1. What translational diffusion coefficient, to the nearest whole µm²/s, does the stretch 164-287 have by Stokes-Einstein, given a Kirkwood radius computed over alpha-carbon pairs, a temperature of 37 °C and 0.692 mPa s viscosity?
2. Long-range amide H contacts for Arg176: which residues qualify at under 5 Å (H placed 1.01 Å from N, peptide plane, sequence gap of 5 or more or a different chain)?
3. For the chain, give the percent of accessible area contributed by carbon and sulfur heavy atoms, probe 1.4 Å, rounded to a whole number.
4. Rounded to two decimals, what ratio of Rg to Rh does the chain give with C-alpha atoms and a Kirkwood Rh?
5. Can you tell me what share of the DSSP beta bridges in the chain is antiparallel? A percent to the nearest 5 is fine.
6. Report the calculated FRET efficiency for His219 and Arg10 (r = Cβ-Cβ distance, R0 = 25 Å), to the nearest 0.05.
7. Mind jotting down a quarter of the surface of the convex hull over the alpha carbons of the stretch 185-239, in square nanometres, one decimal?
8. What would the Debye equation give as log₁₀ I(q)/I(0) for the stretch 1-124 at q = 0.12, 0.17, 0.19, 0.23 Å⁻¹, counting only Cα atoms as equal point scatterers?
Amino acid sequence: MTLLDRAIVRLLPAIPKPVVKLFSSPYIAGATLEDAVRVVRRLNAEGKLATIDVLGEEITREEGARAIAAAYCHVFEAIEAEGLDSNASVKPTALGLELSYDLCRENLESLLREAARNDNFVRIDMEDSSTTSDTLRLYRELRESGRANVGVVLQAYLRRTLDDIRALADMRPNVRLCKGIYVEPPSIAFTDYDAVRANFVRCLDALLEADAYVGIATHDEWLIGQALERVAGLDHEAYEFQMLLGVREQRASELVADGHRLRVYVPYGEQWYEYSLRRLQENPALAGTVAKATVGRVLGRT
Ligand SMILES: Cc1cc2nc3c(=O)[nH]c(=O)nc-3n(C[C@H](O)[C@H](O)[C@H](O)COP(=O)(O)OP(=O)(O)OC[C@H]3O[C@@H](n4cnc5c(N)ncnc54)[C@H](O)[C@@H]3O)c2cc1C
């Protein structure tokens with residue numbers, strides 16, 4: 001990342017929303033469920049699986065959380081009706097975790113019931129570190145209550161993650177392993193790029209050792225290489241690779257061509273802004289383009 005790109009990343013929240021929307025469009029299926037269905041149909045035709053995310057997070061009103069839970073019910077109905085190969089991913093704060101643990105759990109349980117009715121699966125996304133313990137508690141409680149169609153996410157940048165894997169190992173967890181995107185202090189998170197990579201590999205080893213089903217969620221070629229070495233010889237049903245919509249699609253197709261399961265994260269909805277900022281932040285090349293477009297707007301050139 002160049003110095004200019006770093007500066008742009010810091011300035012992203014000040015960029016006009018229409019510019020953010022324009023440049024984040026590859027990462028988002030669209031505003032409606034029909035948009036998500038169209039994208040998943042295309043991905044399925046390319047041999048890729050999907051996970052649909054209804055955009056929205058840090059919901060602060062109960063009706064808002066219930067509305068998102070209801071939207072997920074429509075997602076499962078659409079997946080079933082359209083014969084799509086997709087599950088769903090959901091953020092705990094979208095289901096009301098910031099309001100109350102019990103409300104979030106209740107919403108999550110209704111989602112899981114709906115998913116089970118359609119023989120489907122829900123992945124609980126992992127948000128910032130203020131939610132980690134509650135999210136893992138939700139996962140454990142739901143599994144212990146007999147729900148099998150649920151998985152969770154662990155972030156390799158958190159220093160606690162190896163311990164969390166050991167704590168979950170008894171239940172053969174279903175885990176998406178990613179680096180982690182939120183800004184966390186060095187006291188609890190590795191902040192050095194190579195340290196995060198090294199911990200990703202340690203966590204992946206620990207998950208495979210625990211016989212977990214692992215979603216290997218990364219676009220980092222070095223990590224993909226490390227993962228390929230580790231899954232060689234495993235049944236292809238025992239793990240999957242995961243990528244975000246709009247990122248490294250060609251590499252995703254190559255993994256599919258080599259016989260690996262590959263799932264694409266497909267977000268849709270009206271509340272696109274926070275998700276878009278995170279994606280732009282991770283694409284330094286795009287941050288530079290955003291800068292030029294913004295300067296162009298300011299100078300009246302676009
Ligand atoms: C399916 C999936 C689900 C995720 N769920 C969560 C979650 O629940 N919680 C969480 O904290 N994080 C989640 N993440 C995000 C993750 O934590 C990382 O922030 C993100 O994947 C970037 O890390 P990377 O491993 O791809 O490595 P990076 O080093 O960031 O990226 C490797 C390469 O991929 C390309 N690339 C990466 N991002 C972009 C982009 N936006 N635009 C263009 N090119 C890009 C670039 O070429 C880059 O050099 C998820 C990621 C995936 C793939």
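The values are calculated or read from the model by the stated rules, or taken from the named source; none is laboratory data. As the structure is a prediction and not an experimental result, all values here were calculated from the model. Because the Cβ atoms are built from the backbone with ideal geometry, glycine has one as well, and the counts that use them run over all protein chains shown. The area values use the complete protein model at the heavy-atom level, side chains included, leaving out ligands, DNA and RNA. Shrake-Rupley method; radii C 1.70, N 1.55, O 1.52, S 1.80 Å.
1. 208 µm²/s
2. Those qualifying (amide H under 5 Å, at least 5 residues apart or on another chain) are Val152, Val153, Leu154, Gly215.
3. Numbers: 7080 of 13580 Å².
Carbon-and-sulfur percentage of accessible area, whole number: 52.
4. 0.95
5. Values: 1 of 33 bridges.
Given both bridge residues lie in the chain, the antiparallel proportion sits at roughly 5 percent.
6. About 0.65, to the nearest 0.05.
7. If I average the Cα hull's projected area over directions, I get 4.2 nm².
8. So the normalised log intensities are -0.55, -0.92, -1.04, -1.22.
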